[in-house]
Every structure is written in C-alpha cells, then in structure tokens.
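Below is one structure; the comments refer to it alone.
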Amino acid sequence: MTTRAEFMGRVRAEMAKTTGLFPASTAPRPARPREAAELVRREMAERWPAALAKFREEFERVAGVFHRVASLAEVPGVIRAIAADRGAREIVTWEPAALGFDLRPSLGPEGLAVMVAPPGGGDEPRRRHREEAARAGLGVTGADLVLAETGTLILVSGAGRPRSTSLLPETHVAVFGRDRLIESLEQVGILLEALHADPERSMSGAMINFITGPSRTADIELTLTRGVHGPKHVHAVFVDDGRGEAG
C-alpha cells in the first residue's frame, strides 16, 4: 500500500522532470492602492473600446450572449426579450440602488414579476430572496469589474447585491457601463486592493465571484453538463452611456 509520503514523492519527481512554461512568482501588492487604481482608471478611459471588443470575443467564446444598447432606457427591452426567449415570468434583481435602475415600473405592467433583493441585513429577507431566486427564471445584476482577457464578469457580494441573484436563476443577465472594463487580471488585483483599502468604499460582502460563461460541470467520463452549479445561460448588456450606473 502506497503511503502519503511515497505518493507525494512520486508527484514531486514527475513534476521535476520538466520546467513550467514560465517562472511563477507572487505579484507585488501596490504600495499605494488608491493611486495605482486611479492610474488604471485613467488608462482605461482611453482604452475601453479595445477592451470591450476583447471582452465580447472571449465572452462569446465561452457561450456568453452579448448585447449593446445606447442607454439604460433600452435595458428593460433587452431583459423583456431575454425573458420571453427563456419562457421566464419571474425575475430577481439586485436592490435598485445597487443595480442603478428599477425594472418594476417597466416590466411589472407587462405581467412579469420583478422581485428585488433586500437592501440590508436580516435572515428572513435574505432567505426569502434565495427562495425567489431559486424559482425565478432570470436574475439581473450589475458587474463591479469586467475582465476583457478572459471574458469574465466580477461581482462583489454585499447588502442589496447577494450572490443568489446571479447564481440560482437559470439565466443570469449582467448590466454594465464602460468604466467597469479592465484589460488584465493584474488590474483586477490593483482595483480590489484599492476597494478594500478604503473603509468607506469597501463592501462587507463575503464573496467575490468570477463568472466566465455559463456553469459547466463534467463527470468522470467527461460528459459536460451546463447549469449544475450555476446558470445555464449568461448574458452581458453593455450600456454605451451607462458610465457604470449599473454595477
């Protein structure tokens, strides 16, 4: 019977037979996170069109569906069309202050039930929203960061913006403006450092979710199944004049 030490020794021996593709090292943490983050934002103010094109390419590569609208006023129409396509009659959203808009006035009169996340704490409101999200066909959120190089949506949980809104419905729709776009994972680290270095801006949520396309799970025979641990369908709605209100 192979002992743990013998097993690990064999693993190390096999790994020592070849070098990695590149040397791995820990990225340095910025000494001044706020200044580093401001530099990233200034750079992206000019480079966002290229980042958006790259995001769309990578997002669609992983089976995401991309939409582009001129203003927030057009977003309810996109949500309505997605709901009709998926046969969804119930929609859960982040709390309007966190999302940047309220879908209830536009979609409620059309017979769609729009249920918003509670703005604050309390076990009962959170439990109720989880139950609503579990049965809803559509979940609508913003995005805190949008990573171009991998087509990834990054969401920070917190009051009014729970994880369940994006994870439990069959279809997730994220709405964002140009100032959420970034180019690289290195920039993600810088901006998250700045977020948590500022006690007035730091969110109290327990999770930062990196969402790259629909949920995929494979069994031991490598049979791929979508939607086991998250949404089957993920849509991204870019708002040209959004300036990040939805996020």
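Read the figures in this text as sums done on the coordinates, not as results from a lab. Here the structure is a predicted model, which means the values were calculated and not measured. Using ideal geometry, Cβ is built from the backbone for each residue, glycine included, and neighbour counts are taken over all protein chains shown.
For the range 31-239, the antiparallel share of DSSP beta bridges with both residues in that region comes to about 30%. Picking from L21, T3, M115, whose Cα lies most toward the positive end of the charge dipole for the chain (charges on Cβ: Lys, Arg +1; Asp, Glu -1)? Farthest towards the positive pole: T3. Taking the Cα atoms only, what angle lies between the long axis of helix 75-86 and the longest principal axis of the chain, rounded to 10 degrees? Rounded to the nearest ten degrees, it is 70.
The string of couplings for the range 19-29 from the Karplus curve (6.51, -1.76, 1.60, θ = phi - 60°) is 8, x, 5, 7, x, 9, 8, 6, 5, x, 7 Hz, one whole number per residue in order, with x for Gly and Pro.
Result for the chain in a Gaussian network model with C-alpha springs under 10 Å: among L195, L72, L99, the largest mean-square fluctuation is at L195.
Neighbours of E149 by Cβ distance under 12 Å: Lys/Arg scored +1, Asp/Glu scored -1, total -2. Relative to the longest principal axis of the Cα atoms of the chain, the long axis of helix 33-61 lies at roughly 80 degrees.
Put in order of Cβ neighbour count within 10 Å, fewest first, the listed residues V78, V116, V239 become V78, V116, V239.
Think of the chain as a dipole: +1 on every Lys or Arg Cβ, -1 on every Asp or Glu Cβ, centred on the Cα centre; then among H229, A50, G100, H229 lies furthest on the positive end.
Seen from R130, the other residues with C-beta closer than 12 Å to its C-beta sum to a net charge of +1, counting Lys and Arg as +1 and Asp and Glu as -1.
Direction-averaged projected area, Cα convex hull, the range 1-68: 9.9 nm², rounded to one decimal. Here the sum of -39500 (n - 2.57) over DSSP H runs of 4 or more residues, divided by the residues of the chain, equals -11500 deg cm²/dmol at 222 nm, to the nearest 500. Note on T2 and T18: the extension gain reaches 3.4 nm, defined as 0.36 nm multiplied by sequence separation minus the Cα-Cα distance. Close amide H contacts of A143 (hydrogens built in the peptide plane, cut-off under 5 Å, sequence separation of 5 or more or a different chain): V175, G247.
Arranged from fewest to most other beta-carbon atoms within 10 Å of their beta carbon, T141, T217, T150, T19 become T19, T217, T150, T141.
Take every Cα pair under 8 Å whose residues are at least 6 apart in sequence, average their separation, divide by the length of the chain, and the relative contact order is 26 percent.
Gain on full extension, evaluated as 0.36 nm per residue between R68 and R86 minus their Cα-Cα distance, stands at 4.6 nm.
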